[in-house]
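This report concerns only the one structure given below.
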Amino acid sequence: MFQPTHLTLRFMGYISLLLILSVISPAQAEQQQAYNRISFSVSAEKEVENDVLTAILFASETGQDTAILADAVNQDIRWALAIADEEAAVDSRTLGYTTNPVYKSNRIDGWQVRQSIEMKSKDSGKLSSLLGQLQSKLRIESVRYSISTEVRRATEETLISQALATFKNRAAQIQANMERAEYRVVRLNINTASNFNRPVAMARSSAMVMADAAPIAPSLDAGKQKVSVSIDVEIELSSN
C-alpha cells in the first residue's frame, strides 16, 4: 500500500494552497474594484413643437336590420374617404368595424353598426377644416397631437450629445476630486422618453353641434411636449 512521504504531503499542501488562492483572488479583485466604482445619472431635455395632428372619426347607426345599418355606415365612410382623398396633405385609413347588440331590459332590442377612420396631417389648418366638413355625417372620437418620427429622432440625437458631454464633465470632476489618475466606463445606458401623443381639448365637439346647425371646424392648439434623454453610467476609478 502507498504511504505518503513527508515531501509528498508538503507538495500536496502547496497544491491545495494554490487552489485556494486561485479561488479567492478573483473575488478579492472584484471586491477591490467595487470600492472604486461610482454610479450616477445625467440628463438633457427640450420642449418641441407638436407637428402631427391625428383625428379619429366614426359613423354609427342603430336599428333592427343589420344589413341596412351596415349599408348606411359604409356609405358615410366612403363619402368621408372620398373627400379626404382630395386633400393631399391628409393621410387617411379605415379602422375597426363592429356590430354590437343593443340591450333593453336584459334582452337584445336592436343592433349598432360602427366603423372608424383615422386622418393624419402635419397641416393642422387643413385637417381642422376637413373635420368641420365631415362632421355633417361623422362624429369625432378623438383628436391628438404628436411629434413626428423625424423631429423626435433629430431632437434625441442632439440631446444624446448634450447628455454625453455632461457625463464626461461629471466623470472628470469625480476623478479630479477623488485624486485618481484616470477612469474607465464600466456600464452606460441611454434612455429616451417623450409624451408622444397629446390629446387636444376642442372648444366645441361634434356632440355639441345641434342637428340643424352648420358644422364648424374644431378649435385646435398644437402646443409643445418635452423630449428627454437620460444616461445611467457606472465608472471605475484607477487605484493610482
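Rule-based calculations on the coordinates, nothing more; no lab input. Everything numeric here is computed off the predicted structure, so don't read it as measured data. Every residue, glycine among them, receives a Cβ derived from its backbone with ideal geometry; neighbour counts consider all protein chains shown.
List of remarks:
- Residues (more than 29 Å from TYR145 (Cα to Cα) and part of a helix (DSSP H, G or I)) located in the stretch 40-98: THR66, ALA67, ILE68, LEU69, ALA70, ASP71, ALA72
- Residue satisfying all of: in the stretch 133-191; touching a helix residue (DSSP H, G or I) at 6+ places or on another chain (Cβ under 9 Å), without any contact (Cβ under 8 Å) to a residue 60 or more places away in the chain and surrounded by fewer than 17 Cβ atoms within 10 Å (Cβ to Cβ); farthest from GLU86 (Cα to Cα) among these: ALA181
- Yes/no for SER92 being crowded, with 16+ Cβ neighbours inside 10 Å, among the hydroxyl-bearing types (Ser, Thr, Tyr) and in contact with a helix residue (DSSP H, G or I) (Cβ under 9 Å, 6 or more places away or on another chain): yes
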